[in-house]
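Have a look at the structure below before the remarks.
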C-alpha cells in the first residue's frame, strides 16, 4: 500500500535548531559560554516569585497575561493592550509567520540573522529570502532591494545575533519607511537591554502601522530556562496574534517570575554594567592574542579566525580546557566562534586559553 502521508511544503527543508553545547565528554564542571546566558542568573525577586508559584500548581494560569503585560507596559512606557506574551520571543516570531505569511509569500532576513526566521518561514510554506550583510552589519539597501510584492515579513535583530553589531535608529526608520505596504518589519530586540538607553525600536512601533518589536526574558533577565518573551505592535496586529496563540501558553510560574524580573530594573542595570565591563576587556584581550572581533553591543563577542580550520581547532582546544563556546557555521560564519560574556573568572579563563592556543601555533 502506497503511503501518501506528506507534511506541508517547506517543513522537510527545515534543519532542526541546535542550541549551544552544554557539556564536554570527560570534562567535569565545564564553563558554558555557548548560549548567551546571563552568568549571574535571575534576580532574587524573580526566583522568589517563581518559588511561591508552587502553591498553585493545581490551578490553570490566566489566559490574558494581564499582570505581566501591565508590568512590562509600566517599565517600558507602553500600552499594555498592545503587548503580547509568548513562550520566548521565538513564539512571537512563529505567530507572525503563521498569521501573515504562507505559500507564494516571502520572508526576508539577513545572512547572519537568527535561525528561527528561516525555520518559521519554511514552517508555513513561505519562501525564505536571505540578504547579504555588509561586513557583518545589516545592510538596509540590500534588504530593500530584496523586497517586492510577495514580501510579507522582514526580520532584523538589532543588536544582531551572532555578530553583536547594530545599525543606527535612522537606518531602521529608513527601512520601515521604504518597505512595501503589505510588509511588516519585525525588530528582534532579544539583546536590546544590553544597550544603555536603547528603546529597541519602540518609537518606530508607536509611529508606524507596519512595525512590531519582540523582546525576551531569556538574556539579561536570566530566565532562559523558563522561556518567556513578549512583543509590542499595532493593535490590529496584536489582535490577530492573540487569536492564534495558545490560550494557556504561559504558566503561572513563568508569568510570576517575569513580572518580578521586569520590575527589578536595578538588577538589569547591574548586569548590563558588568557585561559591558567584561565585554570590553575580553575583546581587547582577544585582539592582543591576534583574534579580532567587531564592536559588540550584546552579551557575546564574535571572534574571527584566519580560517575555518583554525576556528575549529581553537574550539577543540577550548573544550579540552573545559570551556564551551559556539561554532556558528549555521549562521554562515564557519571561521568564527561566538563567545558569551561570562563572569570575570570565565572571561579571564577563555582569554588565557585562546592566547595559549594562538601562541602554540
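Results for (1) in contact (Cβ under 8 Å) with a residue 12 or more places away in the chain; (2) surrounded by fewer than 20 Cβ atoms within 10 Å (Cβ to Cβ); (3) under 30 Å from residue 76 (Cα atoms), shown as yes or no for each residue.
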| residue | (1), (2), (3) |
| --- | --- |
| 262 | yes, no, yes |
| 284 | no, yes, no |
| 304 | yes, yes, no |
| 308 | yes, yes, no |
| 334 | yes, yes, no |
| 358 | yes, yes, no |
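When 295, 291, 328 are checked against the criterion of being touching a residue at least 24 places away in the same chain (Cβ under 8 Å) and touching a helix residue (DSSP H, G or I) at 6+ places or on another chain (Cβ under 7 Å), 291 stands alone in meeting it.
Taking region 89-206 as the region of interest, the helices (runs of 4 or more DSSP H) fully inside it that hold 3 or more residues being surrounded by fewer than 24 Cβ atoms within 10 Å (Cβ to Cβ) and under 19 Å from the mean Cα position of the chain (by Cα) are 115-123. Annotation: of all residues in region 329-346 being assigned to a helix (DSSP H, G or I) and under 27 Å from residue 133 (Cβ atoms), the one that is nearest to the chain's Cα centre (by Cα) is 331. In region 207-242, the qualifying residues are those that are closer than 19 Å to residue 81 by Cα and free of Cβ contacts under 8 Å to residues at least 24 places away in the same chain, and the one that is surrounded by the fewest Cβ atoms within 10 Å (Cβ to Cβ) is 207. When region 220-236 is filtered for residues that are out of contact with any helix residue (DSSP H, G or I) (no Cβ under 8 Å at 6 or more places or on another chain) and closer than 17 Å to residue 204 by Cβ, only 236 remains.
Values in this text are rule-based calculations from the coordinates and carry no lab data. Worth saying up front: this structure is predicted, and the values here are computed from it rather than measured. Quick reminder, even Gly has a Cβ in these numbers, built from the backbone with ideal geometry, and neighbours come from all protein chains shown.
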